[in-house]
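A quick write-up on the structure given underneath.
The values are calculated or read from the model by the stated rules, or taken from the named source; none is laboratory data. Since we're looking at a predicted model, the values are computed, not measured. Ideal geometry is used to build each Cβ from the backbone, glycine not excepted, and the neighbour counts take in all protein chains shown. Surface areas here come from the heavy atoms of the whole protein model, side chains and all, with no ligands, DNA or RNA. Shrake-Rupley method; radii C 1.70, N 1.55, O 1.52, S 1.80 Å.
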Amino acid sequence: MIILLRVMGRYAKQANNRQGRGQVMKKKIHIISHTHWDREWYLSSKYVNRWIPVFFENLFRMLEKEPDYRFVLDGQTSIIDDCCAQLQAQGGQSMDAFMDTVRKYVREGRIIAGPYYLQPDWQLVSEEALIRNLLYGRAIAEELDGGSKTGWLLDNFGQISQACQIHEQFGMNGIVVWRGPAFPPEKICSEFYWASPNGTSLPCVYLLSSYRNGMRLASYPEEVQGRIINEADKIQGFAQTDHVLLMNGYDQEMEPDDILPYIKEGRADTEQYQVCQSIPDEYMDAVIEGIKETKIPQLSGPLYSGRYISVFPGILSSRMYLKMQNDMVQRKLEEMLEPLGIMGLLAGDDYPLSKVNHPHDSICGVSVDDVHTDMEIRFARVQKEIGSCLYEIVQKLAAKIDTRMFARAQRVYHVFNTTLKEQRRQVMFCMSDSRELQILDEKGREYQ
């Protein structure tokens, strides 16, 4: 980070000198008010979730006070679910009243929810989990009559190569990203195209000075103008358009920053800058319009560079026992419960619904021990629930199969193919030394 700030300072100064010799072009500073909400990290979710109703109370109070105020829920909708669960546990405020208020502000475009259900670590969970994350996030946002079309990769530790392909297929216009982009120091840009292996390319914005470069601006009224201009000066020389971004928030920001009155007063407007409160879609639209006549760099494939901000490569092998438990649960959900659930649905039974739960600080293993102890308990509970669901589904399916042709048989065994392909393989049944039934494949390996 220190290296990046030095580079930024040098090139921003050069850009200012160039502008000083010619006509000064007014740039627009977009201030996006937000919170980055880690469900669990330095505390377990048992404690963090208690803060969520207080956070929403403060947010609703701000939205009522400032009719034009807008706020981004970290690209997530899970925080809404967690608040409902906490309200129910506390037995206080009505969940219906809470959801009505959230829906009102989302519909008005003043609370920006989604596009994800939560912020996962994109490299450590399965492909299906990533897709479901966006499916659930979009479904909840649409149910609230809102949603965002801008990818919001604020704090995941490196970017997978197919991120643009996935976002584009969900109708995303562009992506805001922090960790991972790799530029030579002399060619750093805050805008670039990012291409996936299939050729899909999306415009992206690189958060050069993090997602908190405009945090708590209103907390120091006498320094509002100076801080805004100082932060904009650092990054405006790297912008390929007339738009720069200040992120007005921080981790677990409990009280939304009351910055709007200062913006309306023109407190930070100068001959060089015009300031507005913005949201991701508005900012991305402005960037896309601005780069139409400009050649910007194109990056491709995964973005795992830690040159300017760490991507914590050690997380790939940290808490490996939890990653193994997660993989086992994912496989059972995706390769057993999901296909059998679809068979049951086609046969007229109910489909078992579930939501993904892969917050990036949990699955990558950087949290305190209490968090990861809770994860072991959750994985054990999920394993048990999967077993119960599988037993119930198979029992219902088996009851629908006509076995009268095997009336003389002592036992009838049903074998279900849960793959997407027709299978022609030998399946052997035998009794083990403990007299328990074993099911083996053609190579003698036991099916789990």
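Per residue, the accessible area of the chain comes to 50 Å², computed with a 1.4 Å probe over protein heavy atoms only. For the range 42-124, the spread of Cα coordinates along the three principal axes comes to 40, 32, 21 Å, biggest extent given first.
For the chain, the longest principal axis of the C-alpha atoms and the axis of helix 2-21 are separated by about 40°.
In the elastic network of the chain, a GNM with C-alpha springs shorter than 10 Å, the most mobile of Gly137, Gly314, Gly109 is Gly314. Of the residues Gly365, Gly137, Asn49, the one whose Cα sits farthest toward the positive end of the charge dipole of the chain, with +1 on the Cβ of Lys and Arg and -1 on the Cβ of Asp and Glu, is Gly365. Among Asp233, Asp369, Asp258, the largest mean-square fluctuation in a Gaussian network model of the chain (Cα springs under 10 Å) belongs to Asp369. When only the Cβ of Lys, Arg, Asp and Glu is charged (+1, +1, -1, -1), the dipole of the chain relative to its Cα centre reaches about 1100 debye. Histogrammed with a bin width of 5 Å, the alpha carbon distances of the range 196-258 distribute as 3, 16, 22, 20, 15, 11, 6, 3, 3, 1, 0 percent, first bin at zero.
If you wrap the tightest convex hull around every Cα atom of the chain and split its volume per residue, you get 183 Å³. For the range 382-389, putting each phi into the Karplus relation 6.51 cos²θ - 1.76 cosθ + 1.60 with θ = phi - 60° gives couplings of 5, 4, 5, 5, 4, x, 5, 5 Hz, in residue order, rounded to whole numbers and with x for Gly and Pro.
Computed over the range 51-189, the Cα gyration tensor eigenvalues convert (square root of 5λ each) into semi-axes of 30, 17, 14 Å, ordered from largest to smallest.
As a calculated quantity, the FRET efficiency between Arg216 and Lys26 at R0 = 30 Å, using C-beta atoms, amounts to about 0.70. Measuring nothing but protein heavy atoms, the accessible surface of the range 248-326 at 1.4 Å probe radius is 52 percent carbon and sulfur. Residues whose amide H lies under 5 Å from that of His36, counting only those 5 or more places away or on a different chain, are Tyr250, Asp251, Gln252, Glu253; hydrogens are built 1.01 Å from N in the peptide plane. Average 1/r across all pairs of distinct alpha carbons in the range 149-232, invert it, and you get the Kirkwood radius: 14.4 Å. Each of Thr419 and Glu334 was given a label point 7 Å from its Cα along the Cα-to-Cβ line. The distance between the two points is 1.6 nm. Which listed residue (Ile188, His167, Tyr220) has the Cα farthest towards the positive end of the charge dipole for the range 149-280, taking +1 on Lys and Arg C-beta and -1 on Asp and Glu C-beta about the Cα centre? Going by the Cα projections, it comes out as His167. Sequentially through the range 153-158, phi angles give Karplus couplings (6.51, -1.76, 1.60; θ = phi - 60°) of 8, 6, 9, 7, 8, x Hz, Gly and Pro residues having no value and appearing as x. Note on the chain: with a GNM built from Cα contacts shorter than 10 Å, the maximum mean-square fluctuation among Tyr136, Tyr413, Tyr308 falls on Tyr413. Give the long-range amide H neighbours of Gly151: residues separated by 5 or more places, or on another chain, with amide H under 5 Å away, using H modelled in the peptide plane at 1.01 Å from N. Under 5 Å from the amide H of Gly151 lie the amide H atoms of Asn173, Gly174, Ile175, Val176, each far enough along the sequence or on another chain. Applying 0.36 nm per residue to the separation of Arg445 and Phe406 and subtracting their alpha-carbon distance, the gain on full extension is 11.3 nm.
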